[in-house]
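So the structure is just underneath, and the comments pick up after that.
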Amino acid sequence: MLQVQNIEKYYGSKNNVTKALNRVSFDVADGEFLVIMGASGSGKTTLLNCISTIDTVSAGKILMDGEDVAGLSEDALAKFRRERLGFVFQDFNLLDTLTVEENIGLALSLNHADAQTVQNRVREVAEKLGITEILSKFPYQVSGGQKQRTACARAIVAGQSLLLADEPTGALDSKASKNLLEIISTMNRDMRTTILMVTHDAYSASYAGRVLFLKDGRVFNELLRGDRGRSVFYHEILDVLAALGGDVSDVL
Amino acid sequence: MTYFKLSMRNAGRQARDYLVYFVTMVLAAALIFAFNALAVSGEVLALTEILENFSLIIVLASVAVVCVFGWLAAYSTRFMLSRRSRELGIYLLSGLTGRQVARLFFLENLAVGAVALVLGAGLGGLLYQVMRAIVMAMFAQPYRFALEFSLAALGRTALCFALIYLFALGRSRRHIRRMKIYDLIYFERQNEGAILQKGKTRRLVFGMSLVLGAVGTCLLMRKSLYIAPAGAFCAILALFGFFLSFASGVPAFFERRPARKYRGQTLLVFRGLTAKLASMGVLMAVLSIVFTATLISEGSSSVLYGIMKGRTAEATCFDLYIGIEGETPDPGPYLTYIGKNIPVEQERPYPVYLTGKTQVQDHLGKMYYNYSCDSDPVLCWSDYAALRAIAGYPAVEPPGPGQFPIHSMTYLEEALRDYQGTILVGETALTPGGIYTEHLSQSYGTANGRGYILVVPDQAAEGLPVHHIAYAAKTARPVTTAQYEAVADLARAERDRQEDPSGYVFVLSKAYEETEVAAQAVVGCFPLYYLALALMMTAVTILTIRQLSETEHYRSQFALLRKLGMDRREMARTLGRQFALYYTLPTVPAVLIAGSFIVHLAMMPEPGVMVGWNSPAVIVMISLGAFFLIYAIYILLAYISLKRNVLASAR
Amino acid sequence: MTFGRFLSDRLGRIILWLVCFAAAVLFLAATGTQIDVLIILLLILLLVFLMVQATDYLRDRARLRELESILENLDKKYLFTECVPSADNFYKRCLFDLMRRAGQAMISAISDTHAAQRDYREYVESWVHEIKTPITAARLVCRQVEGEPRRKLDSELAQIEAHVERALFYARAESPEHDCVIRPTSLSEIVSQTVERHRTLLMQSGVRIETQGLEQQVYTDKKWAAFILGQLLQNSARYRGDTPVITISAKPLAKQVQLTIQDNGIGIPAHELPRVFDRGFTGSNGRSRGGATGMGLYLCKKMSGFLELDIQLTSEEGVGTCVTLSFPAKENLTRM
C-alpha cells in the first residue's frame, strides 16, 4: 500500500542545515500495524509529515498504491488526504470551537457528504469507539482520552484506509493510554485499517505487528512480532533499545 | 540596556504588530491637523463673515473627536497590555518595579505617538491643501498652491494628541502598577464573562431580540416623527440583546437544522463567529451604535447640504432678482441704483398677475398643501420668454391660440400634467398646453409664483390684478456682496418709508446665495464629516485589531484543516466568509437605524427641495456608499494581511 | 541590488505610469481645471507612486540579501531550496517550487552516487581483509623455501601487499573524513614506522636511510602520513641510482615543520615535473623502470590536501629528487 524509497529530508535556516532523514526505505502492506520508534530528534515526526504529504522530501520517492505523491498537484493532495488519510496527533487534534460530533463530522463534510450521511456515520463510529455520550460536548469539556478517541473516530469516519498517529498516547495517563491502544488495535484487526504509528514509548510499540527503529534519520533495526504475545514482544523491543546504549529515550 | 533603548525597541515592535492602530493614529493626526488648519486659515476666514463661527465649531468638534480617539487609544492600549502580560510579568520577575515597568510602557507609547504625530502632521498638510482647494472651489475663488505649514494647527494637533495619549496611558498606568507577577504570567485572555449565563435565557433573549428588531425596523419605516424614536429605541435594545445572546441563539438554530450546518463551510464559519462573539458581545453592540452614529452624522451632513443646495437651486437662476410687493410697488429707486452701479447685460422689470380664481390651485390642493398666493399666479408670454433668456434657458415655442403653458417646480409636474380643465383668465378661456420645469425662482411668494405659474398670452393678461412687480437681470460680473447689501438696504429703506409696511421687498442674488450656501456647508457639514470619519476609523480599527490578534489561532486552525485535506480554495473561502460576516454584523442595525433616520430627515423640508440628486433615496445611497467604501478599504487590507499569514503556502 | 538596477528593471512600467499621470494632468488642465489644483493632484499621485516603488525596492533588496547570505553560509550549496523561507506571492512560490523539484533530482543523484561509492568502498575494505589471508599464507609457505626463490617471492609478495595497501587507501581517499584523526605525533615515530614497514624493499634495493633532526612534534594523522612517506620511499627505492641514499630530515619553521626526503636517484626530467602528481602519470621513468601505476604521487598529493600538508617536489635528472612535506606544528587546522 505504501512504499517509501530512499527518502532524504534536509531542514535549513539561515545558518545551518540539518539532515533529518537519511535514505529511509521501507514498505507497508495493507492492513498492517507498523510502529516507527525512535527518540525525539530521530526524525520520526518528519517521516510522518512526509508520508502524509504535509511536507515534501528532499530526495527519494513515496508511493501510495503505486502512485508517486510528489507528482500530485496541491488540490489532488488535499483530496488524497481527506479521502484516504486519517490523523491522530499528540496535541491540538480537535478544533475547540466545534462540538465533538462536529469535529468527527468535519472529515465527512470536507468530502461534501450530505447531512444525513454525516449524522449516521458519526453516530456509527461514535458507538464503535464508545464516545456517544459526549457527542454534544466541546473539546475543553472532555478528558484527554476522550479527545483522542474523538480523533480516532474522525480518522476513520470517512472510510480512510491509512491511519497516521503521532505519539497518540503522549499526553495521556497510563489507563487512558491502554484504552486508546486497545481501540487502535481493534480498528486494525476488525476494520482492517492500516496503521502507521510513531512513538518513543516501548509499551505503545508492543501493540504493533512490526516495529522499525529510527536513529539519526536512518532505519537501523526492524522487529517482527509474528505470532508472539505482546509482552514477549515488549521485552524484545526493550532489548533492542538497551543495546542502543540507552540513549534512545525514556521508556514509558 | 537602558529604559530608553528597550522602550524604543518595543515601540518599533508595537508599530509593526499593531500596524492598523498605528496607521489609524497617523490618519487621526492628519485629520485633526487638516481641519484645524482650515479653521485657523486666514484666507478661509476672510471669505465671508459667516465663517467666523467656523473656528469655534471645529474646536467643539475636535473635543468630540479627541474623546472618540481617546477611547480608541485607551481600548487599544488595554488590549495590547493584556496580550503582552507575559512579557510584563517577565520584566517584573527580572527585578523591575511596577513603576519602572509603567514608565517603560509609557515611553514606548510616547515614542509611537510622537512618530504618528509627525507623520500625521505631514500627511495633514497635504490633506489641508486638498480641502483648501475644495473650499475655494465652493466659493468660486481661485486657488493658489502655496506650501504653507500652519504652526497653530500643529500646536492644536499636538495638544489633542497629548490629551488622547495621556488619557489612554493614565488608565493603563494604574493598571500596570497594580498588577501582580502571578496574574501576569498566568493571565488568561481577557473576555467579558458572559453576562447572560443560562443557555435557556440566552436563547429566549435571542428570539426576543430578533422580534424586537423587526418591530423596531417597521416602526422606523413609518413616516411619523413621533413613532420613529420609539422604533429607534426598540432597535437599540434589540441590538444589545442580539449580540449578547448570539453565542447561544445561533447554535440553537443550527442544532435543529443539521442539514444547513454541514453544507459547505457553514459549520466552521458559524462556530468561529459564535466563539468570537461569546467574548465580545457588548463590544459589538457598542460598535454597532458607533457605526449608527457615524452614518447619522454623515447622513445629516449630506441632508443639510442637500437642503441648502436644493433651496438655493431654485433661487439662483437669476444673477439678480427683486420682487416688490405693496400697494404701489415702484421699481424706480432700484433701477436707478442698478443703472449706476451694476453693469447689466439683460434685464427686465415685469409684473406678476393673479387670476383671482383658484382653479389650478384647487386641483393641486387635493394632493399638496400649498400655501400659495391667494389665487393662481400668472405671467404674460413676452415676459416669460424674456425671463427664459435672462436665465439662460433655451427658447420655447409660443403657445398655440387659446393655450396656456405652465411653468412649475419638478415635484408638481406629475400633478399638473393631469390637469385638463379649461380656465378663465380675465375674459379669455384657455386650455393647458405644455409644462416647463426649469428653475425659475418659484419657492417664494414674491417670486415667480409659489410652485407654479401660468403663462398666458399678453392680451389675456391685460387688466389682471398685479400681485407684485418683479425685476430679473443677468449681470456682466457676479453681483458682489457689497452691491447686494446696497440693494437690500434700499429695500429696507423703502419698506420703512411706507406707512403700512404690508408689502415685502425681496432681493435675491445668485452670487450671494452661493456664498451663503458654501459658508453654511463649511460650517455645518464639514464638522459633521470630521466627526463621522473619526467615529468610523475608531470602530473599524478596534474590530480589526481584535481580528488580527487572532492570527496565531487562525494559523493553527488552518494548519489542522490542511492536514485533514481541505482544499486551498475552500480555506480561502471559509476565511473570507468569516471575515465578511464578522464585519457585516455590526453594520446591519446601523444601516437600518441610520438609513431610516436620514430618510426622515430628508423628507422634512418643504416639497420641491429634495428632488433629483437631492432626493432622499439618492442621499441615503451616497452616504452608505461613502461609508462602505472606506470600510471596504480597511477590511480588504486586513483580509489580505491575514490571508497571507494564515493560509499555509502551497507546496 | 541598487536602486538604479531596480528601476531599470521596471523602467517600461514606470514610464508608462508617469506618461499616464502627465496625460491626465494635461487633459484636466486643457478642460479647465486650475493649475494649482492640478499641482496638488500631481503631488499626491507622485508621492503614492514613489512610496510604492520604495517599499517594493526595500522589500526585494532585503529578500535578495537574505537569499544570498543563506547561499553563502551553506556548505552543500545544492541544498539551497530546502533552506529558503517560502515566498509571499504565488508567482515566486511557483518559481521556488520548480527550483525545489530540480534540486530534489540533484540531491537524489548525489545521494545515490554517495551510496554507490560507500558500497564500493565497503567491498574493497572487505576484499583487502580477505586478501590478507592468502598473502600471509603465501609468506608462510615462503619460509619453507630456501635461497634465491625465497628472496624473489618475498619481494613479489611485498609488492602485492603494497598494491593492496594502495588500493585500500585509494578507496578510502574519496571520503577520508571517516578515518582521519589528527593528533600530535612525533615525526621520528612516523619515519621509523614507515621505514620498518618497507624494510624488505629497502634492503633488497640496497638503500641506505639517513635521518636528521626528526625529534619534532607535528599535528597530523599518523596512518595517513605514514602512507604518504611510504609511497615516497617506494618511489625513491624504485628510481634509485648506483649507491642509493635517502636522507630524511626535519626543519622547524614558525608554525610548521618541514620534512624533507632527499634521494640521489635518477631524477625526473624537467619537462615531466609539472605532471608528476597527475593521476595515472607514469612518465618516461615509469616506463623504463616498470611496475609503475602512476597512482602513488597522485594519492600523496590527495592525502596531503586532506591533511593540510604542503607537498613540494623538486628534481634534477641524474642528480636526485627532493620532496618536502610541511606539517602543521600548532593546532591551526581549519577544516577537517
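A few points about this structure:
- Residues satisfying the stated conditions in the stretch C:1-49, i.e. within 25 Å of residue C:60 (Cα to Cα) and within 13 Å of chain B (Cβ to nearest Cβ): C:44, C:45, C:46, C:47, C:48
- Residue B:162 in a helix (DSSP H, G or I) and either modelled with pLDDT of 75 or more or hydrophobic (A, V, I, L, M, F, W, C) (or both): yes
Okay, residues lined up against (1) buried (at least 19 other Cβ atoms within 10 Å of the Cβ); (2) not in a loop (DSSP other than H, G, I, E, B):
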| position | (1), (2) |
| --- | --- |
| C:190 | yes, yes |
| C:193 | no, yes |
| C:214 | no, no |
| C:242 | no, no |
| C:280 | no, no |
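- Criterion: basic (Lys, Arg) and surrounded by 23 or more Cβ atoms within 10 Å (Cβ to Cβ) - qualifying residue of A:189, A:149: A:149
- Residue check, residue C:188 small (Gly, Ala, Ser) and assigned by TED's automatic domain parsing to the domain that holds residue C:243: yes
- Meets criteria (at negative phi and surrounded by fewer than 22 Cβ atoms within 10 Å (Cβ to Cβ)) for residue A:123: yes
- In the stretch B:218-252, the residue that is farthest from residue B:200 (Cα to Cα) out of those that are without any contact (Cβ under 8 Å) to a residue 12 or more places away in the chain and assigned to a loop (DSSP other than H, G, I, E, B) is B:224.
- Candidate set: the stretch A:44-53, residues that are out of contact with any helix residue (DSSP H, G or I) (no Cβ under 8 Å at 6 or more places or on another chain) and farther than 19 Å from residue A:237 by Cα; chosen: the one farthest from the other protein chains (Cβ to nearest Cβ): A:47
- Check on residue B:644, assigned to a helix (DSSP H, G or I), more than 18 Å from the chain's Cα centre (by Cα) and closer than 17 Å to residue B:269 by Cα: no
- Taking the stretch B:293-405 and the strands (runs of 3 or more DSSP E) fully enclosed by it, the elements with 2 or more residues that are surrounded by fewer than 22 Cβ atoms within 10 Å (Cβ to Cβ) and not acidic (Asp, Glu) are at B:344-354.
- Here is the figure for the stretch B:328-375: residues that are of a type in the set (Asp, Glu) and at pLDDT 80 or above total 2.
Let's see how each residue does on (1) part of a helix (DSSP H, G or I); (2) surrounded by 13 or more Cβ atoms within 10 Å (Cβ to Cβ); (3) more than 14 Å from chain A (Cβ to nearest Cβ); (4) among the polar types (S, T, N, Q):
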residue	(1), (2), (3), (4)
C:56	yes, no, yes, no
C:62	yes, no, no, no
C:69	yes, no, no, yes
C:101	yes, yes, no, no
C:115	yes, no, no, no
C:119	yes, no, no, no
C:133	yes, no, yes, yes
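- Residues in the stretch B:453-502 that are of a type in the set (Ser, Thr, Tyr) and part of a loop (DSSP other than H, G, I, E, B) were compared, and the one that is modelled with the lowest pLDDT is B:502.
Every residue, every condition in (1) more than 14 Å from chain B (Cβ to nearest Cβ); (2) surrounded by fewer than 19 Cβ atoms within 10 Å (Cβ to Cβ); (3) in contact with a Cys (Cβ under 6 Å, 6 or more places away or on another chain), yes or no:
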residue	(1), (2), (3)
A:18	yes, yes, no
A:31	yes, yes, no
A:64	no, no, no
A:75	no, yes, no
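- Enumeration of residues in the stretch B:253-277 that are part of a helix (DSSP H, G or I), surrounded by fewer than 17 Cβ atoms within 10 Å (Cβ to Cβ) and either touching a residue at least 40 places away in the same chain (Cβ under 8 Å) or charged (D, E, K, R) (or both): B:255, B:260
The values are calculated or read from the model by the stated rules, or taken from the named source; none is laboratory data. Only a predicted model underlies this, so the values are computations on that prediction, with no experimental measurement involved. FYI the Cβ positions are ideal-geometry reconstructions off the backbone, even for glycines, and counts take in every protein chain you see.
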